[in-house]
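A.B. asks: The structure that follows is given in the form of structure tokens.
The values are calculated or read from the model by the stated rules, or taken from the named source; none is laboratory data. All values derive from a computational prediction rather than experimental measurement. Here Cβ is always computed from backbone atoms with ideal geometry, including for glycine, and neighbour counts include all displayed protein chains.
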Amino acid sequence: MSKKEILLSEGDMSRLIEMAWEDRTPFEAILKTYQLDEPSLMKIMQAQLKPSSYRLWRKRVKEKSSKHLKLRSPDIKRDHCVTQYKISR
């Protein structure tokens, strides 16, 4: 278990996993919020999810260009869904 994992509360871990599953939340937003890069997030997801859920998540991430800002359409200016109530700005 990494130092970063230990510092995450149960609520933060839940939110992190939710952000990772959301198609509209890019990895860069997770990095900004939790200081976790994609490889670190992958390790956490692998530890927290069932193996089949982790494989499904990885498949989704690979298919979604919206998870990577460089591959994302320039028309998308947000990093989360506008109806997402959990992030206060």
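A.B. asks: For segment 21-33, enumerate the residues that are out of contact with any helix residue (DSSP H, G or I) (no Cβ under 6 Å at 6 or more places or on another chain), surrounded by 14 or more Cβ atoms within 10 Å (Cβ to Cβ) and assigned to a helix (DSSP H, G or I).
C.D. replies: Within segment 21-33, Trp21, Glu28, Ala29, Leu31, Thr33 qualify.
A.B. asks: If Arg15 meets every condition in (1) at pLDDT below 90; (2) of a type outside the set (S, T, N, Q); (3) in contact with a Lys or Arg (Cβ under 9 Å, 6 or more places away or on another chain) apart from one, which number is that one?
C.D. replies: Arg15 satisfies all of (1) at pLDDT below 90; (2) of a type outside the set (S, T, N, Q); (3) in contact with a Lys or Arg (Cβ under 9 Å, 6 or more places away or on another chain) except (1).
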